[in-house]
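Presented below is the structure to which this report refers.
Rule-based calculations on the coordinates, nothing more; no lab input. Remember, it's a predicted structure, so these values are computed and weren't measured experimentally. Every residue, glycine among them, receives a Cβ derived from its backbone with ideal geometry; neighbour counts consider all protein chains shown.
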Amino acid sequence: MKKRLLILTTGLLLLLCCNSNGLGAMIHRKSLVDRNQPVIHSIDSLSSLSVGNGNFAFTVDPTGLQTFPAFYANGVPLGTESTWGWHSFANPEHYAFSETLRNYNFRGWNEPYAVQFKATGRQQDAANWFRINPHRLHLGIVGLEITNPQGKQGTLNDVHHITQKLDLWDGLIESNYTLYGKPVAVETVCHPQKDMISAYITTPLLHSGAIKIHFRFAYPTGKAFDDGCAWNEPDKHQTTILAQGDHFVVFKRQLDSTHYYVKVSWNGKATLSRKEPHYFILAPDTALNSFSFSCSFTKEWSEETLPSFDECKMATAHYWHSFWGKGAVVDFSACKDPRAKELERRVVLSQYLTAIQCAGNTPPQETGLTYNSWYGKFHLEMHWWHAVQFALWNRIDLLERGLDWYNIAYANARSIARRQGFKGVRWMKMTDPSALESPSSVGSFLVWQQPHIIYMAELVYRDHPTEAVLNRYKKLVFATADFMASFATDNKKTGKYVLKGLIPAQETLRASKTVNPPLELSYWYYALSTAQKWRERCGMKRNQQWDKVLLNLSPFASKDGLYLAAESAPQTYHDIRFTSDHPAVLGALGMLPLSPLVNPTLMRNTLDWIMKHWQWKTTWGWDYPLMAMTAARLGEPEKAIDALLMKQQKNIYLVNGQNYQDKRLRIYLPGNGGLLTAVAMMCAGWDGNKKKNPGFPKNGSWNVKWEGLKKMP
């Protein structure tokens, strides 16, 4: 009955999804998704595949499980990570957060910032401790225990004739290969609501005991960039069997003061044994032709019975059919430009990756739930790049999942603002679920994350403009606007409000010298204007101080017809400090709508100069969608396409859809999210735009079909 219901539901979704998009086109969504699913035929450390649900993700090698993690450690690692799985090392020196603070005087009073510099002494040691802790946990390796015909442990070189497919439509990884001349088939899924994977293994090697399943657990490394697995520290953590039966086992993991639970259940006879203190082997009965199991990871103990593989597979398929059916869709199949096929692939895979990696109940880290970057912490200035696309692609629920966290962070954000002499709340840059501020010589001085919550709350209101939405987010909107207005400094000589004492989005500029960067000025204008609209919607009078700042924000600095990186930047475009990192000046009319601060002619000149002269090796993945959005708003669709598909290392998208950056950041999800935001805007446009597909050239080569996309502000 369940299978019949699933088939009927899927059929109904397909009927709904094949309707007209308003551009006279029909889109068959399943065909679109299926033609872009990754298929792996070789062993490559950058081609691992993931399943997940936004709060939990599990990454596998060609065996369908995490059998050979060492080979992938410096590629796309075989991670098992969640939004709740965090750990802190002991603090025997009793470092206090107050010890990380150092005073800076940017506005006539002392502003204490949590900083980390290359120095020695207790202040630096305290900063290092709070930067490292807490860090995200790798929850455990679940792989195949392979024994070769000589009785030794199998290696990756034993895996042949690989055909591994990520079935995007069903949310299923199908792995087929041979071991020692025998076929092996593994299906892997992640439950859509539980932090749980389930797998089904079919192979004659079960009869000889050549294939079993192992569960391995490591102590965290505490390193900034890695898979988080210190395998040589067995005495620093404990793995105990808390409960066991004929068809299940529960492990309790204890790491200092952190604990969590791993439950495994299986169908058919199997025997569990301990090989090492943190290494367990589940051996299926040799009479079996196939074997399935489920493995869940939970922060707290639960006696809940785990769903079987069949139940998990069905729930997963139902979720992904709904995801692909209800969200927006873009079809490039009628385009003649040879780049269109690759763009479609990136768009489809980026939707999947951001859904499983970036749609949790906290803002995501830049490497999602695959491996740790910056200790697994998330960066709030990147939340826009991860999550705005959910609203534009008609998946507002995935955006809202992560917004409640700002209420958790509110008290700490208010404390930071008060500590530094400002009103409202100052959102931290680098943080964790507890909203602890991470010391940094750069991040503590960033401010462009401040308006993000106003922008995202406005997207929610645009999607469903109700009193409930206003009540849900108004505290965050108003407190953020209070900070922004108080942060702007009144220059008594000019009568203008100045933004200073900050490091802008283009992080090569210094806090002590930077004045009036364009993106931040433009974002201040947008956010304060939007916050005033929220007051009016709530039946409140406009805030006079916000209006005073709005009307008197400083103009952008320019020279020779080009916008400068900041008013304080050298009056030349030949200094590498000001032509590297993010070309953030473009965000003033790209991320954001046209404001009275922006001169489109100067911005067009600046875009042209940047596309010809920028230091591309220093860029990041979201810089390319940023340029595309600016070009689109300026009526330059050819340049938008050129920017979006520019052939640069930081704009590479791997076979699994991940945006590669370099040896440190093998995946970079703000690039994926930015790509989706740019494409949505290039199709559906923005407020006030009346053109169809305004971001695509009208030369007959870009017949882009779409449905369900929302306009950008």
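Of the residues 509, 531, 696, the one whose Cα sits farthest toward the positive end of the charge dipole of the chain, with +1 on the Cβ of Lys and Arg and -1 on the Cβ of Asp and Glu, is 531.
How much net charge surrounds residue 234 when only the other residues with a Cβ under 14 Å from the Cβ of residue 234 are counted, with Lys and Arg +1 and Asp and Glu -1? Before the final figure, lay out the partial values.
Working: positive: 216, 236, 253, 274, 275; negative: 233, 235, 276.
My count for the surroundings of residue 234 gives +2.
Take every DSSP beta bridge whose two residues both sit in the chain; close to 95 percent of them are antiparallel.
Using the Cβ atoms and a cut-off under 15 Å, what net charge is assigned to the surroundings of residue 34, where Lys and Arg are +1 and Asp and Glu are -1? Intermediate results must be reported in sequence, preceding the final value.
Working: positive: 29, 30, 35, 165, 341, 345; negative: 167, 170, 174, 331, 344.
Cβ neighbours under 15 Å give a net charge of +1.
Label-to-label distance for residue 612 and residue 273 is 7.2 nm, based on points extended 7 Å past Cα in the beta-carbon direction. Rounded to the nearest 10 degrees, the inclination of helix 669-684 to the longest alpha-carbon principal axis of the chain is 60 degrees.
Partner lysines whose Cα lies under 17 Å from the Cα of residue 269, excluding those fewer than 8 positions away in the same chain, are identified as 212. Placing +1 on each Lys and Arg Cβ and -1 on each Asp and Glu Cβ, with no other charges, gives the chain a dipole about its Cα centre of roughly 1760 debye. Between residue 232 and residue 246, the simple label model (points 7 Å from Cα in the Cβ direction) yields a spacing of 4.5 nm. The aspartates and glutamates within cross-link reach of residue 236, meaning a Cα-to-Cα straight distance under 15 Å and a gap of 8 or more places when in the same chain, are 256, 276.
Count the net charge of all other residues whose Cβ sits under 15 Å from the Cβ of residue 87, scoring Lys and Arg as +1 and Asp and Glu as -1. It would help to have the intermediate numbers written out before the result.
On the way: positive: 131, 136, 223, 236, 252, 253, 299, 377; negative: 81, 226, 227, 233, 256, 432.
Net local charge, residue 87 excluded: +2.
By the helix-only formula, in which each DSSP H run with n ≥ 4 contributes -39500 (n - 2.57) and the sum is divided by residues, the chain has a 222 nm mean residue ellipticity of -9500 deg cm²/dmol. Overall, the anisotropy analysis places segment 268-423 in the oblate class: the square-rooted eigenvalues a ≥ b ≥ c of its C-alpha gyration tensor yield a/c not less than 1.5, with a/b not exceeding b/c. Note on residue 341: lysines with a C-alpha under 21 Å away, same-chain residues under 8 apart excluded, are 30, 165, 639, 647, 650, 692, 698, 705. Principal axis extents of the C-alpha atoms in segment 166-308 (largest first, rounded to whole Å): 44, 34, 33. Normalised by 2.2 N^0.38 Å, where N is the number of residues, the alpha-carbon radius of gyration of segment 229-269 equals 1.38. In the chain, the longest principal axis of the Cα atoms and the axis of helix 623-633 are about 50 degrees apart. For a label point 7 Å from the Cα of residue 208 along Cα→C-beta, name the residues of segment 113-147 whose backbone N is under 18 Å from it. Counting backbone N atoms under 18 Å from the label point, the list is 144-147.
According to the square roots a ≥ b ≥ c of the eigenvalues of the Cα gyration tensor, what is the shape class of segment 464-602, taking rounded for a/c under 1.5, prolate for a/b larger than b/c otherwise, and oblate for the remainder? Please list the in-between numbers first.
Working: a/c = 2.18, a/b = 1.87, b/c = 1.17.
Here segment 464-602 falls in the prolate category.
Exposure proxy for 636, 342: other Cβ atoms within 10 Å of each Cβ, ordered fewest to most, give 342, 636.
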